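Student: Sending over a structure as structure tokens; questions will come in a sec.
The values are calculated or read from the model by the stated rules, or taken from the named source; none is laboratory data. Keep in mind the model is a prediction, meaning the values are calculated, not measured. So basically every Cβ, Gly included, is an ideal-geometry build from the backbone, and we count neighbours across all protein chains shown. We work out accessible area using only protein heavy atoms, side chains counted, and drop any ligands, DNA or RNA first. Shrake-Rupley method; radii C 1.70, N 1.55, O 1.52, S 1.80 Å.
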Amino acid sequence: MTAPPVKPVAVLGVGAAAPSLRLAASDVGTAWGSGGGRGTVAVCDADEDTLTLAWQAANAALEAAGVTPAEVSGLWWGTARPPFAEGPSHAFLATTLGLDRTVAGGLSSGSPHAGMEALLGAWDALAAGHARVALVVTSDALVPGLGTTAETTTGAGAAAVVLGAIADSAEGPSTNGSSPAARLVARTTRAMPAVDRYRADGGGATGDVYDARLFREEVFVPLLTETGRALSQDAASPLAAWAIADPDGKLASAVAKRLGAPLASAPVYGALGDAGAASALLGLVQACAGTGSGATGSSATGSGATGLFGAIGYGGGRATAVLVDATRPVPGAVGVEQLGAGRRVGYPEALRARGQLEPMEDPIPMGLPPGGAAFVRGNPEMLGLFGARCRSCGTISTPPSIHPTCIGCGGDELEVVALARRGRVQTFVVNQTMPPPFQAPLPLVVIDLDDGARLMVQGSPADAADLAVGDTVTLSLRRYALERGIPVYGFKAFRVAGAGATVGSGQDRAAQEGGR
């Protein structure tokens, strides 16, 4: 069956994100008395998850592309394991990004192939004329089963890409800035009904493949090789590099060897492990950064690469490959080393962060259920981080729902506005003991934002010892708690690098996100 011609779409910018913790694969092996593994895997801290990672990567991509939230036609999000198995995952992410309530798009989940499904969905919408600017976000923070080999390979991360429609009358690519830096130009998919890694309904962790050798020799390597070769047939010239999903740190290189081009995504796996639905796009960002990809313009410092790049995602028995034609460095493309080295933790702390090692005590329930009226009515302003500006005196009251009149002059002519994401500490207190699920020491910080608003939010336990009045902080989305099985999100304050934040930590990364 011959597929119809594919209409190219523009790549306007990309972004990437990694969680704040790192676990050495060898530490896992030591804990179980086995040989362990090589490299490190990224682990979400207790206040991070697939949604907070998606938010970070999406903001980075929008900034790189020079696109405002108001210009986004649709949001396509791919994650194997969304924060709600059934619930408002997509609506939560769209709100935190400041996207319009009418935004189109969709949520793909169920396997690591979800990232590619989101990309293809956005591509189809642009090609059909149903969208002008599409935001594609891929993220994952899978939880491997205890004692499985996946504990040494399963990581976390996120990648995002801003895509734009190309007019039918537009000319081909150019190097003088008159056309997009890169285009998605070809794609292909192959499937095989084989059970690989899976999580049963109601299961908390993802299990290993039943037979690793069978999976390698009869499923993964032949399926992805076939998919990659089919994509290569549509390329006008040999590919400069491949970015390939890699469940164990070995399979992707076997596929790349058969396809005859360098594996640009290897550093991503070495630093973060298998990032699930985000793996292929994270590898593609790495390839476009030019850090050792072998492409034209690539360098050790990642000055940006040009050429043809292939990316292959896999999951649930499906493999999809896409072809990117980069004629200029892609805005936002960075090597994985620029995402920060993270904070090294041992195996027990990683288990606690994943929720697999918990004390024998019941968390104190919140006074208000997350599904109750207070959250339903307050979620838009909490997730969107809104305030109410007085039309008379300009004072911003927070939050809007409990301030029907201005706290400055008492006026009742208010307009809802997005709050600044940066400010200075006005005062704070550090709680040295906290009931679960909160982590002590936990700062509560009062911030004077750059727009004049005053806000009280949680701070980071990592900043507790050094936090001081006058410190510059930025606000970053985090998961506050998992209450009655429902994730509760809000913004936390993180010290800016140079004001005491640990370089390469989640706090340092959050500081760099600043100001959208």
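Student: Anything in segment 384-428 that is among the aliphatic types (A, V, I, L, M), in contact with a helix residue (DSSP H, G or I) (Cβ under 6 Å, 6 or more places away or on another chain) and crowded, with 16+ Cβ neighbours inside 10 Å? List them, or say none.
Tutor: 388
Student: Yes or no: residue 276 buried (at least 21 other Cβ atoms within 10 Å of the Cβ), in contact with a strand residue (DSSP E or B) (Cβ under 8 Å, 6 or more places away or on another chain) and either without any contact (Cβ under 8 Å) to a residue 60 or more places away in the chain or in the same structural domain as residue 37 (by TED's automatic domain parsing) (or both)?
Tutor: For residue 276, the condition - buried (at least 21 other Cβ atoms within 10 Å of the Cβ), in contact with a strand residue (DSSP E or B) (Cβ under 8 Å, 6 or more places away or on another chain) and either without any contact (Cβ under 8 Å) to a residue 60 or more places away in the chain or in the same structural domain as residue 37 (by TED's automatic domain parsing) (or both) - is met.
Table: residues versus (1) aliphatic (A, V, I, L, M); (2) under 22 Å from residue 181 (Cα atoms).
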residue: 29; (1), (2): no, no
residue: 33; (1), (2): no, no
residue: 39; (1), (2): no, no
residue: 43; (1), (2): yes, no
residue: 46; (1), (2): yes, no
residue: 49; (1), (2): no, no
residue: 59; (1), (2): no, yes
residue: 62; (1), (2): yes, yes
residue: 67; (1), (2): yes, yes
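Student: Need pairs with beta-carbon distance below 8 Å; first residue assigned to a strand (DSSP E or B) and within segment 204-216, second aromatic (Phe, Trp, Tyr); sequence gap 6+ or separate chains.
Tutor: Here the result reads 206/198, each pair linking segment 204-216 to a residue that is aromatic (Phe, Trp, Tyr).
Student: Still on this structure, I have one more. Can you tell me which residues in segment 24-67 are of a type in the set (A, V, I, L, M, F, W, C), surrounded by fewer than 24 Cβ atoms within 10 Å (Cβ to Cβ) and assigned to a loop (DSSP other than H, G, I, E, B)?
Tutor: 46, 67, listed by residue number.
Student: Would you confirm whether or not segment 105-114 contains a residue that is over 21 Å from residue 165 (Cα atoms), in contact with a helix residue (DSSP H, G or I) (Cβ under 7 Å, 6 or more places away or on another chain) and open to solvent by less than 10 Å² (accessible area, probe 1.4 Å)?
Tutor: yes
Student: Then there is this: Among residues belonging to segment 473-515 that are at pLDDT 85 or above and among the polar types (S, T, N, Q), point out the one that is nearest to the chain's Cα centre (by Cα).
Tutor: 476
Student: Still on this model: Scan segment 441-470 for residues that are within 26 Å of residue 407 (Cβ to Cβ), of a type in the set (Gly, Ala, Ser) and surrounded by 16 or more Cβ atoms within 10 Å (Cβ to Cβ) and report the count.
Tutor: Looking only at that region, the number is 2.
Student: A further question on this structure: Does residue 351 satisfy the criteria of being over 24 Å from the mean Cα position of the chain (by Cα) and either at positive phi or outside any loop (DSSP other than H, G, I, E, B) (or both)?
Tutor: no
Student: Please go through segment 78-95 and give me each residue that is in contact (Cβ under 8 Å) with a residue 24 or more places away in the chain, of a type in the set (A, V, I, L, M) and either open to solvent by 30 Å² or more (accessible area, probe 1.4 Å) or not in a helix (DSSP H, G or I) (or both), ordered by number.
Tutor: The answer is 80, and nothing else.
Student: Let me ask something else about it. Test residue 438 against the criterion of being open to solvent by 50 Å² or more (accessible area, probe 1.4 Å), touching a residue at least 12 places away in the same chain (Cβ under 8 Å), assigned by TED's automatic domain parsing to the domain that holds residue 399 and under 21 Å from residue 378 (Cβ atoms), and give yes or no.
Tutor: Against the criterion (open to solvent by 50 Å² or more (accessible area, probe 1.4 Å), touching a residue at least 12 places away in the same chain (Cβ under 8 Å), assigned by TED's automatic domain parsing to the domain that holds residue 399 and under 21 Å from residue 378 (Cβ atoms)), residue 438 qualifies.
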